[in-house]
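What follows is a short report on a single structure.
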Amino acid sequence: MESAIGWAQRAIEIAEPCAANAILGEALGTLGVTRLIAGDLSGWADLERCLRIALGGALQEQVARAYNNLSAMAVSCRQYDKASHWLSEGLAYCEKRDLDATRLYMLSYRARKNFEQGDWPAASEDAEAVLRHPLATPITRIPALRTLGHIRIRRGDPQAEAALEEAWAIGGTAQELQRVGTLAAIRAGGRVARRRS
């Protein structure tokens with residue numbers, strides 16, 4: 001994290017005087033997410049600044065990524081009001097511009113938010129919409145399968161493990177912590193629940 005923060009700050013120092021807004025936005029996005037993961041709440045300001053710069057420069061893909069980072073981090077930090085706000089704005093932005101890759105990722109995080117808030121039908125609907133979409137990539141399928149598997153575990157559904165196994169398989173040999181860390185915890189929790197029953 002220290003290295004990511006250091007390089008992002010250096011990129012910002014170089015990009016700001018040149019008004020290189022695309023580079024500045026990318027660096028702010030990296031800085032914001034990394035700070036939040038490290039527990040530094042100043043990351044919110046970095047992400048919001050990233051969004052403002054991207055919107056001001058009509059940098060559509062960067063705008064979509066900024067909305068995605070804001071909403072995903074808000075869900076991960078369990079700041080659900082903030083997550084609802086960014087998801088609503090971001091999904092509308094992506095739908096209007098056919099930015100399906102980011103829209104599907106955000107839909108996966110809305111599924112997680114809904115699940116964590118107890119709205120399992122809405123969570124299932126969002127997760128299944130992602131999984132049915134022909135443009136869903138492994139990166140979007142993993143969080144959707146993770147949430148769907150978690151819902152099924154809680155319901156005692158025997159199909160829970162199939163969704164989790166698929167998510168694990170999609171993760172491939174690299175098994176990035178970002179993709180599979182939560183998945184591993186869900187799978188372990190499901191095994192404990194099955195032993196108790």
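Derivation of every value follows stated rules applied to the coordinates shown; laboratory data play no part. Just so we're clear, the structure is a prediction, and the values are computed from it rather than from any experiment. For neighbour counting, all protein chains shown are included, and Cβ atoms are generated from backbone atoms with ideal geometry for every residue, glycine included.
In terms of other Cβ atoms within 10 Å, Met106, Met73 run from fewest to most in the order Met73, Met106.
Using a simple spin-label model with pseudo-atoms 7 Å out from Cα toward Cβ, Arg155 and Ala22 lie 4.4 nm apart. In percent, how large is the relative contact order of the chain, given Cα pairs closer than 8 Å and 6 or more residues apart? That works out to 11 percent. Extending 7 Å from Cα along the Cβ direction at Glu95 and again at Ile170 yields two label points whose distance is 2.2 nm.
Annotation: extensible slack from Glu48 through Ala4 equals 14.0 nm (criterion: 0.36 nm per residue apart, minus Cα-Cα distance). Determine the shape class of the range 1-58: with a ≥ b ≥ c the square roots of the Cα gyration tensor eigenvalues, call it rounded for a/c under 1.5, and otherwise prolate if a/b is greater than b/c, oblate otherwise. Since a/c reaches 1.5 but b/c is at least a/b, the shape of the range 1-58 is classed as oblate.
For the chain, the mean residue ellipticity at 222 nm estimated from helices alone is -27500 deg cm²/dmol, where every DSSP H run of n ≥ 4 contributes -39500 (n - 2.57) and the total is divided by all residues, rounded to the nearest 500. Taking label positions 7 Å along the Cα-Cβ direction at both Thr137 and Leu55, the computed distance is 2.5 nm, reported to one decimal.
Backbone phi angles across the range 120-127, fed through the Karplus curve with coefficients 6.51, -1.76 and 1.60 (θ = phi - 60°), yield HN-Hα couplings of 5, x, 5, 4, 4, 4, 5, 4 Hz in residue order; Gly and Pro are listed as x. Averaging 1/r over every pair of different alpha carbons in the chain and inverting the result gives a Kirkwood radius of 17.5 Å.
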